[in-house]
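Colleague: Please read through the structure below; I'll follow up with questions.
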Amino acid sequence: MKILITNDDGIFAEGIYKLACALDKIGEVYIVAPDRQRSATGHAITMHEPLRAEKIKFFDKDFHAWAISGTPTDCVKLAIESLISEKIDIVFSGINKGPNLGTDVLYSGTVSAAIEGAILGYPAVAVSLADFKNVNYDVAAEFSCIVAEKILKNPLPPDTLLNVNIPNCQKENIKGVNVTTLGARKYKNSFIERIDPRGQSYYWLGGEVIDAKNNEGSDIDSIKNNCITVTPIHFDLTKFDLIEQVDKWNMKI
């Protein structure tokens, strides 16, 4: 099994190291990841400046590894289309530090990298650890191997990926694995206004998560109950049940 690994936390993040070490036990890993922090870049690609790819020593491992000057999506495209001559069997993105739940997947560089893998025709998985403090990636890394082996025996449909979130707790405290839906995440106080030394306003994007009422049974609800969440995502955003209704508007020009 040949496995492409990327992330949005940067190639020297602990999460990608733990993921690569775990997946190396079941296949040959190739790491192509951003040279710095690229969280919340969504599905951005680099068009107006060159991309630089530097072959690097990946921690203490003798892996094929490149640090890329672009986004997570750039990394997957460049890896598959230019850097790696071998045929890749599966794409992994992660392990992200922090959750990628509900509608936040639309902003996530981690999930977008996996989406790009699916767009290019490969099985793809985004993996996130649902915490930012005192993180332990061991359970997430172990579960990633399980997911990889399951996918290769049970292929995903085209244009589909799995979004996986793992609670930040010991293995014995995991309550189960829920295959579930994306919930809804909203924020309040999203922007913090400050004044610079010249008296001009500037803003930091932050915000506090508001629990939506419609999250029962979703990935957001499941992660709170210490369950691993696995959500199949299909990136065709067409709202099929509205096509006929909008068509009846009989728009002309």
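Colleague: Within the stretch 122-180, track down each residue that is outside any loop (DSSP other than H, G, I, E, B), touching a residue at least 60 places away in the same chain (Cβ under 8 Å) and of a type in the set (Asp, Glu).
Modeller: Hits for the stretch 122-180 are Asp138, Glu142, Glu149.
Colleague: Within the stretch 50-58, is even one residue at pLDDT 95 or above and in contact with a Gly (Cβ under 8 Å, 6 or more places away or on another chain)?
Modeller: Let us first name the residues in the stretch 50-58 that are at pLDDT 95 or above, namely 50-58.
If we keep only those that are in contact with a Gly (Cβ under 8 Å, 6 or more places away or on another chain) as well, we get 51.
The answer is yes, given that some residue of the stretch 50-58 is at pLDDT 95 or above and in contact with a Gly (Cβ under 8 Å, 6 or more places away or on another chain).
Colleague: For the stretch 57-65, indicate whether the set of residues that are under 21 Å from His234 (Cα atoms) and in contact (Cβ under 8 Å) with a residue 40 or more places away in the chain is non-empty.
Modeller: Looking through the stretch 57-65, none of the residues is under 21 Å from His234 (Cα atoms) and in contact (Cβ under 8 Å) with a residue 40 or more places away in the chain.
Colleague: Then there's this: Which condition number does Pro50 fail, the rest of (1) surrounded by 16 or more Cβ atoms within 10 Å (Cβ to Cβ); (2) out of contact with any strand residue (DSSP E or B) (no Cβ under 6 Å at 6 or more places or on another chain); (3) in a loop (DSSP other than H, G, I, E, B) being met?
Modeller: All conditions pass for Pro50, except number (1).
Colleague: If I go through the stretch 75-95 residue by residue, how many of them are open to solvent by 10 Å² or more (accessible area, probe 1.4 Å) and either under 12 Å from Gly42 (Cβ atoms) or not acidic (Asp, Glu) (or both)?
Modeller: Number of matching residues: 8.
Colleague: Looking at (1) of a type in the set (Lys, Arg); (2) open to solvent by 80 Å² or more (accessible area, probe 1.4 Å); (3) closer than 26 Å to Asn100 by Cα, which is the one condition that is false for Lys55?
Modeller: The one condition Lys55 does not meet is (3).
Colleague: Kindly indicate the residue of the stretch 59-74 that is of a type outside the set (Phe, Trp, Tyr) and in contact with a Leu (Cβ under 8 Å, 6 or more places away or on another chain) and also most open to solvent (accessible area, probe 1.4 Å) among those meeting that condition.
Modeller: Among them, the one singled out is Ser69.
Colleague: Hey, does the stretch 110-130 have a residue that's within 13 Å of the chain's Cα centre (by Cα), open to solvent by 50 Å² or more (accessible area, probe 1.4 Å) and within 13 Å of Asp8 (Cα to Cα)?
Modeller: No.
Colleague: Further question on the same structure: Here is a check on your reading of the model: is Ser93 hydroxyl-bearing (Ser, Thr, Tyr), farther than 20 Å from Leu152 by Cα and modelled with pLDDT of 95 or more?
Modeller: Details: hydroxyl-bearing (Ser, Thr, Tyr): yes; farther than 20 Å from Leu152 by Cα: no; modelled with pLDDT of 95 or more: yes.
Answer is no for this residue.
Colleague: Might you let me know whether the stretch 101-108 holds any residue that is open to solvent by less than 10 Å² (accessible area, probe 1.4 Å), touching a residue at least 40 places away in the same chain (Cβ under 8 Å) and part of a helix (DSSP H, G or I)?
Modeller: Within the stretch 101-108, one or more residues are open to solvent by less than 10 Å² (accessible area, probe 1.4 Å), touching a residue at least 40 places away in the same chain (Cβ under 8 Å) and part of a helix (DSSP H, G or I).
Colleague: Which one is modelled with the lowest pLDDT, of the residues in the stretch 212-242 that are surrounded by fewer than 20 Cβ atoms within 10 Å (Cβ to Cβ) and acidic (Asp, Glu)?
Modeller: Checked the stretch 212-242; the qualifying residue modelled with the lowest pLDDT is Glu216.
Colleague: Which count do you get for residues in the stretch 151-185 that are surrounded by 13 or more Cβ atoms within 10 Å (Cβ to Cβ) and either of a type outside the set (A, V, I, L, M) or under 19 Å from Ile220 (Cα atoms) (or both)?
Modeller: Selection size over the stretch 151-185: 20.
Colleague: Run Lys77 past the list (1) over 17 Å from the mean Cα position of the chain (by Cα); (2) farther than 25 Å from Asn136 by Cα and report the number of the one that doesn't hold.
Modeller: Condition (1) is where Lys77 drops out.
Colleague: Checking Gln37 against (1) out of contact with any Lys or Arg (no Cβ under 7 Å at 6 or more places or on another chain); (2) crowded, with 20+ Cβ neighbours inside 10 Å, only one condition comes out false. Which one?
Modeller: (2)
Colleague: Hey, among the residues in the stretch 21-30 that are out of contact with any helix residue (DSSP H, G or I) (no Cβ under 6 Å at 6 or more places or on another chain) and over 10 Å from Cys145 (Cα atoms), which one's most open to solvent (accessible area, probe 1.4 Å)?
Modeller: Top of the filtered list is Glu28.
The values are calculated or read from the model by the stated rules, or taken from the named source; none is laboratory data. These numbers come from a predicted model, not from an experiment. Methodologically, a virtual Cβ is constructed for each residue, glycine included, from the backbone with ideal geometry; neighbour enumeration extends over all protein chains shown. Note: accessible area is taken over every heavy atom of the protein model, side chains too, but ligands, DNA and RNA are not part of it. Shrake-Rupley method; radii C 1.70, N 1.55, O 1.52, S 1.80 Å.
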